[in-house]
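The block underneath contains the structure these notes are about, expressed in structure tokens.
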Amino acid sequence: MYPDNYRYTKEHEWVHVENGIGTIGITDHAQHELGDIVFVEVPKVGTHVEQGKTFAVVESVKAASEIFAPVSGEVIESNEALAATPELLNSDAHSAGWIAKIKLSVPEEIDRLLSPTDYQAYLGEG
Amino acid sequence: MALLKTPLNAVHRSLGAKMVDFGGWDMPVEYRGVLDEHRAVRHGVGLFDVSHMGELDVRGPQALDLVQHVTVNDAAKLKLGQAQYSALLYGHGGFVDDILVHKVADEHYFLCVNASNQDKDYEHIAANNHFNATVENAGPRFAQLAIQGPLATGVAQKLTDINLAPIKRYHFVDGHFGGAPARIARTGYTGEDGWEIYAAPEHAVRLWNEILTAGKSVEIIPCGLGARNTLRMESAMPLYGHEIHASITPWEAGLDWIVKLDKGDFLGREALVKQKQQGITRKLAGFEVKGRGIARDGYEILANGAGLGWVTSGGPAPALNKNIGMCFLPLSLAGPGNAIEISVRGRGVEAVTIAMPFYKRAR
């Protein structure tokens with residue numbers, strides 16, 4: 001369920017880092033908690049985002065939820081498919097439902113994130 | 001304070017519902033998902049536990065006089081077995097609550113009120129009871145299940161010997177439902193045909209299961225408060241605390257049709273007459289979002305950067321495939337066809353006022 005090579009936050013985002021580029025999304029747990037997702041506001045390419053700060057907004061039928069950047073850096077691509085098919089976050093949160101790709105400016109930030117084991121343990125505590 | 005629970009609380013949990021604190025009640029917000037549940041009610045049938053709703057019984061030789069005094073609609077026009085949408089107002093003309101008044105007998109009126117307003121409504125009516133009548137906070141005696149959707153009547157009919165087809169909208173009968181004594185009302189809060197069943201709490205779990213079994217062939221599903229909200233919003237039905245509250249009058253909320261100034265004196269009448277003479281300055285309007293974004297409750301309406309009003313309810317309209325809402329606007333802008341701008345997280349998003357209701361069922 002929670003890929004081994006991803007890292008996670010307690011706010012239920014994931015990041016998958018490859019060659020200094022982090023692909024970011026929300027976890028399957030998060031999409032389940034939010035319910036039917038009907039709108040995603042993705043960050044503009046070129047925006048600088050900071051770890052822990054709002055960088056996207058995901059809206060379910062019921063409410064809008066801010067998504068926090070798990071790592072700092074510059075947005076190099078955002079998932080344009082979400083404009084027409086926001087439900088990808090429900091059906092495939094860990095892959096097709098990615099939100100944005102960020103060129104990491106502080107790669108060591110990744111060390112502060114949760115491993116899949118720790119994230120699932122954290123979910124278990126809740 | 002611990003959350004209040006309906007008799008179906010354990011059933012909701014066993015069905016895997018997401019539970020939320022709704023005005024102090026631990027209620028299911030969704031089971032399968034709001035969109036599926038919304039669609040089920042628009043095209044088939046859904047079942048809601050609305051046992052959190054409050055009930056008040058007004059009885060006695062002057063029961064009608066008390067009801068007439070505290071409500072805006074004309075309860076004297078009700079026939080036995082008929083219900084009407086009405087409201088309780090303060091003396092200044094603002095809403096205490098919106099309610100359904102049922103005429104059970106000449107000396108017995110049954111009021112269905114909002115869950116979180118139940119105690120306030122009871123106290124309000126009791127404080128204004130200068131009549132030979134009694135008021136009972138009857139909520140604890142009733143569970144309430146709502147069977148809603150175009151296929152609701154077929155499902156409900158399987159559980160009662162009473163012929164439901166001739167019962168008109170906003171009418172009810174007292175009889176047996178699933179073997180339990182019940183009040184069976186053709187009312188609802190979804191904009192669809194449907195039934196609201198009032199019965200003693202000890203029957204709630206069995207009735208719930210029997211309704212789901214009776215509806216199995218037409219794929220009935222349990223529905224939560226999430227779908228209840230999107231359904232009522234599409235139908236432009238007001239929600240207390242949003243479209244109506246103590247600082248809003250019926251004229252402002254567009255509820256002129258429930259106010260019967262000619263029925264005689266009632267609480268709030270004087271203020272309403274005065275406001276009618278002076279004219280209102282703001283009014284509830286419907287809107288459709290044209291730009292990219294969803295307008296949510298409380299968002300500001302802007303014109304040239306200045307605040308014009310606020311969104312009272314907003315979100316996606318699943319049956320219409322667009323983002324809609326209701327808002328208060330200056331009277332001059334409240335009619336359909338006016339361009340407005342809604343502040344969505346600090347960004348102006350274009351919208352246009354449109355006529356309500358947004359959705360109307362085929363008859």
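The values are calculated or read from the model by the stated rules, or taken from the named source; none is laboratory data. Worth saying up front: this structure is predicted, and the values here are computed from it rather than measured. Ideal geometry is used to build each Cβ from the backbone, glycine not excepted, and the neighbour counts take in all protein chains shown.
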Residue ID - surrounded by the fewest Cβ atoms within 10 Å (Cβ to Cβ), chosen from residues in the stretch A:3-14 that are touching a strand residue (DSSP E or B) at 6+ places or on another chain (Cβ under 9 Å) and charged (D, E, K, R): A:K10
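How many of the residues in the stretch B:302-328 are over 17 Å from B:M233 (Cβ atoms) and in a strand (DSSP E or B)?
6
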Residues of the stretch B:267-307 being touching a helix residue (DSSP H, G or I) at 6+ places or on another chain (Cβ under 7 Å) and at pLDDT below 95, in sequence order, are none
Within the stretch B:300-311, is there a residue that is surrounded by 14 or more Cβ atoms within 10 Å (Cβ to Cβ) and within 14 Å of chain A (Cβ to nearest Cβ)? yes
For B:W251, are the conditions met, namely being more than 13 Å from every other protein chain (Cβ to nearest Cβ), at pLDDT 95 or above and closer than 30 Å to A:P86 by Cα? no
Is there a residue being surrounded by 24 or more Cβ atoms within 10 Å (Cβ to Cβ) and assigned to a loop (DSSP other than H, G, I, E, B) anywhere in the stretch B:136-158? yes
Any residue in the stretch A:96-106 that is surrounded by fewer than 19 Cβ atoms within 10 Å (Cβ to Cβ), within 16 Å of the chain's Cα centre (by Cα) and either outside any strand (DSSP E or B) or more than 14 Å from chain B (Cβ to nearest Cβ) (or both)? yes
From the list B:H69, B:H108, pick out the single residue that is within 30 Å of B:Q275 (Cβ to Cβ), more than 14 Å from chain A (Cβ to nearest Cβ) and in contact (Cβ under 8 Å) with a residue 12 or more places away in the chain. B:H69
Failed item, numbered, when B:K18 is tested on (1) within 18 Å of the chain's Cα centre (by Cα); (2) within 14 Å of another protein chain (Cβ to nearest Cβ): (1)
Does B:A165 meet the test of being at pLDDT 95 or above and either in contact with a Phe, Trp or Tyr (Cβ under 7 Å, 6 or more places away or on another chain) or crowded, with 16+ Cβ neighbours inside 10 Å (or both)? no
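Out of B:M237, B:M233, I need the residue that is under 20 Å from B:L100 (Cα atoms), touching a helix residue (DSSP H, G or I) at 6+ places or on another chain (Cβ under 9 Å) and either outside the structural domain of B:P28 (by TED's automatic domain parsing) or touching a residue at least 12 places away in the same chain (Cβ under 8 Å) (or both). Which one?
Step by step, each of B:M237, B:M233 is checked, and only B:M237 is under 20 Å from B:L100 (Cα atoms), touching a helix residue (DSSP H, G or I) at 6+ places or on another chain (Cβ under 9 Å) and either outside the structural domain of B:P28 (by TED's automatic domain parsing) or touching a residue at least 12 places away in the same chain (Cβ under 8 Å) (or both).
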What pairs come out if I take residues in the stretch B:43-57 that are farther than 16 Å from B:V29 by Cβ and pair them with residues that are part of a loop (DSSP other than H, G, I, E, B) and of a type in the set (D, E, K, R) whose C-beta lies under 6 Å away, six or more apart or interchain? B:G44/B:E219
List the number of the failed condition for B:A295; all other conditions in (1) within 14 Å of another protein chain (Cβ to nearest Cβ); (2) over 30 Å from B:N209 (Cα atoms); (3) assigned to a helix (DSSP H, G or I); (4) of a type in the set (A, V, I, L, M) hold. (3)
Going through the stretch A:30-71 one residue at a time, which ones are assigned to a loop (DSSP other than H, G, I, E, B), surrounded by 19 or more Cβ atoms within 10 Å (Cβ to Cβ) and more than 9 Å from chain B (Cβ to nearest Cβ)? A:V42, A:P43, A:Q51, A:A69, A:P70, A:V71
Quick one: B:K216 ticks every box in (1) away from chain A (no Cβ under 14 Å); (2) surrounded by fewer than 16 Cβ atoms within 10 Å (Cβ to Cβ); (3) more than 27 Å from B:V45 (Cα to Cα) bar one, so which box is it? (3)
Among (1) farther than 18 Å from B:R345 by Cα; (2) surrounded by fewer than 22 Cβ atoms within 10 Å (Cβ to Cβ); (3) out of contact with any Leu (no Cβ under 8 Å at 6 or more places or on another chain), A:V17 falls short only on (3)
Given the criteria within 14 Å of chain A (Cβ to nearest Cβ) and touching a Ser or Thr at 6+ places or on another chain (Cβ under 7 Å), does B:L231 qualify? yes
Answer with yes or no whether B:K290 is over 30 Å from B:V113 (Cβ atoms), more than 14 Å from every other protein chain (Cβ to nearest Cβ) and touching a residue at least 60 places away in the same chain (Cβ under 8 Å). yes
Would you check which residues across the stretch B:22-41 are more than 17 Å from B:L145 (Cα to Cα) and more than 14 Å from every other protein chain (Cβ to nearest Cβ) and list them? B:G23, B:G24
Anything in the stretch A:71-114 that is closer than 16 Å to A:G46 by Cα and aliphatic (A, V, I, L, M)? List them, or say none. A:V71, A:V75, A:I76, A:I99, A:A100, A:I102, A:L104
Could you tell me how many of the residues in the stretch B:180-206 are assigned to a helix (DSSP H, G or I) and either more than 22 Å from the chain's Cα centre (by Cα) or closer than 16 Å to B:V41 by Cα (or both)? 4
Would you please list the contacts, defined by Cβ atoms under 9 Å and residues six or more apart or on different chains, that run from a residue in the stretch B:18-40 that is touching a residue at least 12 places away in the same chain (Cβ under 8 Å) and over 17 Å from B:I220 (Cβ atoms) to a residue that is of a type in the set (F, W, Y) and outside any helix (DSSP H, G or I)? B:K18/B:Y31; B:V29/B:F22
